[in-house]
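These notes are about the structure you will find just below.
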2 protein chains.
Amino acid sequence: MLLPELKLRRDKIRALMARQGIDAAIITCNVNLLYTCGRIVSGYLYLPLGQPAWLFVKRPNNLSGEHVRPLRKPEQLPELLEECGIPAPARLMLEGDELPFREYTRLAACFPGAEVLPCGTELIRQARSVKTEAELEMFRRSAVAHARAYAQIPSVYREGMTDRELSVEVERLMRQEGCLGLFRVFGRSMEIFMGSLLAGDNAAQPSPYDFALGGRGLDESLPGGADGSPLLKGQSVMVDMGGNFYGYMCDMTRVFSIGRLPQQAYDAHKVCLDVQEAVAQAARPGAVCEDLYNAGMEVVRKAGMTDRFMGTVQQARFIGHGVGLEINEAPVLAPRIRQELEPGMVFALEPKIVVPGVGAVGIENTWAVTSEGVEKLTLCPEDIVEM
Amino acid sequence: MLLPELKLRRDKIRALMARQGIDAAIITCNVNLLYTCGRIVSGYLYLPLGQPAWLFVKRPNNLSGEHVRPLRKPEQLPELLEECGIPAPARLMLEGDELPFREYTRLAACFPGAEVLPCGTELIRQARSVKTEAELEMFRRSAVAHARAYAQIPSVYREGMTDRELSVEVERLMRQEGCLGLFRVFGRSMEIFMGSLLAGDNAAQPSPYDFALGGRGLDESLPGGADGSPLLKGQSVMVDMGGNFYGYMCDMTRVFSIGRLPQQAYDAHKVCLDVQEAVAQAARPGAVCEDLYNAGMEVVRKAGMTDRFMGTVQQARFIGHGVGLEINEAPVLAPRIRQELEPGMVFALEPKIVVPGVGAVGIENTWAVTSEGVEKLTLCPEDIVEM
């Protein structure tokens, strides 16, 4: 990755640090290293406010460069910093929402003279929530590949398939188009393989995870998505795969059907498209997340579908979420979120309705906030495709 | 899952708690909930020493049972415990190597009257390292499905394929045989999609992760495994996919070749089989991990292959690792690990050699420690298969 791009990203973090009087950060979690170094290492990026950053690396062992040094353990950091001519930190931030308790305390103990703050995750996620032009370009490229994979879905459907079998073929299409497969989620609690495929009433199954919809899954050890049931005539099939082609989690959902669906499914799908339209119309710099959520919910209420929106037994309380290196970034379009949209933010908007006896319908696209409104990144037909 | 099985597992943890005078544990990380509850929830298992455990659940919202209660946030725990007639904890253990710093401190702050210890991860992992009969059965079933997928690999190879393309087909075979796909790793730093396929010199590429071998990967954002190069005559192809069929990470590596390989590759492969034989012969209850590592290394030394064993540019310093709900459990067969094997432990043994200009050769099987020795779980031909 080009150095000016990395400098730009690091300076965004530095600006947020400066506001809180923080003079240094230690960054060691994979996605944050990827963001600030353009690559993943086992090691530590030391990011001071007014000096160049240094990368201290355990693995790989063949990395070198102007501000790169090898290291074996975090206890070496103070000495290495001194050797590099970097003053000891006074207020140091660590990734307090990502580092495990023991690792955090071990790292903090290396700097007994510093005030150590756990706000690193928060600040870096804030910086990451506004994408650079280079990052937007990654999203655009991902979206094209993602759409190419989805366009081929009807060609891999065979009568008599189970939802699991179709999911496997869709995963293969995604991989063939270059998807890296890995689905990065912020936080320790949400797990998913490549994404989800939900057919029929399985779409209403509550899961422990905070995704838009659940699904029973194939095993108690991974409760979400396809459950192995045969695909039946009159069912909808919702495909929501993670579009990680270049590290960025492009998010897109499309609905397919086994034969024709009952009219109410198309009506519900139309409501979701209307929700998308209402939110996209209102979304622009300065728009408040909660207001966008409410604008969408108003459409759902008028259509009389609140009891099926974002699930039935268990309903998700959001209609959109930021995406980036992880699937769940800021901003979140949800109640009580008073954050305002800014140019460069990228979010997925996913109004979905579960029709009992049919399955889930609705839409999900990834959008970038521009200077005046929003740009749809995931360009792909939005009607229900009959297979 | 049957209650007696869960009781057995919980009592294994209780026994370890009792030794350290710990009277309660709060368990909230996915794999530990899976272990103790047979399922994943968003919530908390409160495990007291001398009373039945209680499960407090945020999601899914449709779970009920004798010792199950709904909850919204951890701050409700003390009150809920009182309502359930459970005394406040005096020495409480949390999952200190898994819970992020802020989540740990928030949870600990709910119990100001208790001494809170971060050793939960350690103790639960110790309990998990010795498998129950039911868990061994999961491994046996996984191993059969895993072997069935590997047996079909030659049938999906086509001349002119890239390593990525072959990897996608192998992943599909695994999924078709029921693999859940998710690759669970302990710790925050190691990431991998379904496993790795390494062909030719890519096998020698160092990665930031502590897997046996690296590989460049397809993108800087996920540096490991296939790199998109065409498969060429005279190259070895090492397939090491995670065999998560029922939550248990069965581990198996087999080597394929594009046409014939140079004789030195077969010789190196034979050395790896000899290492496996030497370690398997010595492995039994009471055997010390480091001694097993040394027994294997002795074979490598005699063959004069230490500089190519477990990598060339960067060499892994282990030849085996425990497996279970995660790919990296105890015991680890590595220098300075004085732990003794116990009946019921399950480990993967993976001697591998990188032959410059050819690729990686070697073997990996998953083994269970029995009362007298070890049982090989992954039964599948071990020679290099020419494609």
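Take the residues in segment A:173-226 that are of a type in the set (D, E, K, R) and closer than 28 Å to A:Ala265 by Cα; name whichever of them is nearest to the other protein chains (Cβ to nearest Cβ).
In the first step, residues of segment A:173-226 are kept if they are of a type in the set (D, E, K, R); the result is A:175, A:177, A:184, A:188, A:191, A:201, A:210, A:216, A:219-220.
So of that shortlist, the ones also closer than 28 Å to A:Ala265 by Cα come out as A:201, A:210, A:216.
Details: A:Asp201: 14, A:Asp210: 7, A:Arg216: 10 Å.
Here the answer is A:Asp210.
Answer yes or no as to whether B:Gly286 is more than 14 Å from B:Pro351 (Cβ to Cβ), in contact with a Pro (Cβ under 9 Å, 6 or more places away or on another chain) and open to solvent by 10 Å² or more (accessible area, probe 1.4 Å).
No; evaluated as a whole, the condition is false for this residue.
Here are A:Gly187, A:Gly160, A:Gly195, A:Gly217: which of them is closer than 23 Å to A:Ile13 by Cα and out of contact with any Phe, Trp or Tyr (no Cβ under 6 Å at 6 or more places or on another chain)?
A:Gly187
Here are A:Gly65, A:Gly50, A:Gly21, A:Gly113: which of them is part of a loop (DSSP other than H, G, I, E, B), out of contact with any His (no Cβ under 9 Å at 6 or more places or on another chain), closer than 29 Å to A:Asn244 by Cβ and more than 11 Å from chain B (Cβ to nearest Cβ)?
Step by step, each of A:Gly65, A:Gly50, A:Gly21, A:Gly113 is checked, and only A:Gly65 is part of a loop (DSSP other than H, G, I, E, B), out of contact with any His (no Cβ under 9 Å at 6 or more places or on another chain), closer than 29 Å to A:Asn244 by Cβ and more than 11 Å from chain B (Cβ to nearest Cβ).
Take B:Ser129 and tell me if it is at pLDDT below 95 and either in contact with a strand residue (DSSP E or B) (Cβ under 6 Å, 6 or more places away or on another chain) or within 13 Å of chain A (Cβ to nearest Cβ) (or both).
So B:Ser129 does not fit the description; no.
Limited to segment B:199-218, what total is found for residues that are among the aliphatic types (A, V, I, L, M) and assigned to a loop (DSSP other than H, G, I, E, B)? Walk me through how you get there before you give the answer.
Going through segment B:199-218, the residues among the aliphatic types (A, V, I, L, M) turn out to be B:199, B:203-204, B:212-213, B:218.
Next cut, assigned to a loop (DSSP other than H, G, I, E, B) only: B:212-213, B:218.
Qualifying residue count for the region: 3.
Could you tell me which of the residues B:Phe256, B:Phe318, B:Phe245 is within 25 Å of A:Asn62 (Cβ to Cβ) and within 24 Å of the chain's Cα centre (by Cα)?
From the options B:Phe256, B:Phe318, B:Phe245, the qualifying one is B:Phe318.
List every residue pair whose Cβ atoms sit under 7 Å apart, with the two residues 6 or more apart in sequence or on different chains, where the first one lies in segment A:220-239 and is closer than 19 Å to B:Arg59 by Cα and the second, anywhere, is among the hydroxyl-bearing types (Ser, Thr, Tyr) and part of a loop (DSSP other than H, G, I, E, B).
A:Ser221/B:Tyr246; A:Pro223/A:Ser207; A:Gly224/A:Ser207; A:Gly224/A:Tyr209
List pairs: first residue in segment A:362-387 and basic (Lys, Arg), second residue open to solvent by less than 30 Å² (accessible area, probe 1.4 Å) anywhere in the structure, Cβ distance under 6 angstrom, at least six positions apart or on different chains.
From segment A:362-387, the pairs are A:Lys376/A:Asn365; A:Lys376/A:Trp367.
Listed here are the residues, each with its yes/no results for (1) touching a Gly at 6+ places or on another chain (Cβ under 6 Å); (2) open to solvent by 40 Å² or more (accessible area, probe 1.4 Å).
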{"residue": "B:Glu298", "(1), (2)": "no, yes"}
{"residue": "B:Gly304", "(1), (2)": "no, yes"}
{"residue": "B:Gln315", "(1), (2)": "no, yes"}
{"residue": "B:Gly320", "(1), (2)": "no, no"}
{"residue": "B:Gly324", "(1), (2)": "no, no"}
{"residue": "B:Glu340", "(1), (2)": "yes, yes"}
{"residue": "B:Phe347", "(1), (2)": "yes, no"}
{"residue": "B:Val361", "(1), (2)": "no, no"}
{"residue": "B:Glu364", "(1), (2)": "no, no"}
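Can you tell me which residues in segment A:128-177 are surrounded by 21 or more Cβ atoms within 10 Å (Cβ to Cβ) and in a loop (DSSP other than H, G, I, E, B)?
A:Lys131
If I go through segment B:93-127 residue by residue, how many of them are within 18 Å of the chain's Cα centre (by Cα) and open to solvent by 10 Å² or more (accessible area, probe 1.4 Å)?
Count: 5.
The values are calculated or read from the model by the stated rules, or taken from the named source; none is laboratory data. Please read all numbers here as calculations on a predicted model, not as lab measurements. Positions of Cβ are generated from backbone atoms using ideal geometry, with glycine treated the same way; all protein chains shown enter the neighbour counts. These accessible areas exclude ligands, DNA and RNA; they are computed on the full protein's heavy atoms, side chains included. Shrake-Rupley method; radii C 1.70, N 1.55, O 1.52, S 1.80 Å.
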